[in-house]
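Quick notes on the structure that follows.
The values are calculated or read from the model by the stated rules, or taken from the named source; none is laboratory data. The structure presented is a predicted model; accordingly, all values stated were derived computationally and were not measured. Backbone-built Cβ (ideal geometry, glycine too); neighbour counts: all protein chains shown. These accessible areas exclude ligands, DNA and RNA; they are computed on the full protein's heavy atoms, side chains included. Shrake-Rupley method; radii C 1.70, N 1.55, O 1.52, S 1.80 Å.
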Amino acid sequence: MSDPHGDECADYLERIVYFIDNELDGADCSAVQQHLDECGPCLQKYDLQRTVKSVVARSCRESAPEGLRERVMVQIREVQIRISES
């Protein structure tokens, strides 16, 4: 037997990522916000998703050290050579 509340939450949890990124229309934003206001477990998952997204965004702003970038480029070139030779 499925849990109707669980099914409803699953639908909202799928939309949370779009909600965080402001990619929903006004009606969907209102519906998601209302659900989050009424559902503690979904609000916790929303907060976790927002925190993870924020940490990843901050991490992506940092540049890799020059030595690491050079090693990665060498590896990419080696793979490209192997692919072109096969």
_With angles folded into 0 to 90 degrees, how steeply does helix 40-60 sit against the dominant principal axis of the chain? Use alpha carbons for both and round to 10._
20
*What list of ³J(HN,Hα) values in whole Hz, one per residue of the stretch 64-78 in order, does the Karplus curve 6.51 cos²θ - 1.76 cosθ + 1.60 (θ = phi - 60°) give from phi, with Gly and Pro shown as x?*
6, x, 4, x, 5, 4, 5, 5, 5, 5, 4, 4, 4, 4, 5
*Of all the accessible heavy-atom surface of the chain, with the other protein chains kept in place and a 1.4 Å probe, what percent is carbon and sulfur?*
54
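Based on the Cβ-Cβ distance from ARG61 to TYR18, what FRET efficiency comes out when R0 is 35 Å, to the nearest 0.05?
On the way: r = 23 Å, r/R0 = 0.65.
Result of the calculation: an efficiency of 0.95.
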_Sequence-separation-based contact order of the chain, relative, with Cα cut under 8 Å and 6+ spacing, percent_ = 23
*Principal-axis tilt of helix 26-38 within the chain, Cα atoms, nearest 10 degrees*: 70
*Solvent-accessible heavy-atom area per residue, rounded to whole Å², over the stretch 3-86 at 1.4 Å*: 78
_Accessible area of LYS45 in the full protein assembly, 1.4 Å probe (Å², nearest 10)_ = 110
*Between GLU23, GLU70, GLU14, which gets the highest mean-square fluctuation from a Gaussian network model of the chain, Cα cutoff 10 Å?*
GLU70
*Those Cys residues of the chain for which no other cysteine Cβ falls under 4.7 Å*: CYS9, CYS29, CYS60
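Using only alpha carbons, build the gyration tensor for the chain and give me the equivalent ellipsoid semi-axes, biggest first, whole Å. Don't skip to the answer; put the middle values down first.
On the way: eigenvalues 347, 61, 29 Å².
So the three semi-axes of the chain are 42, 17, 12 Å.
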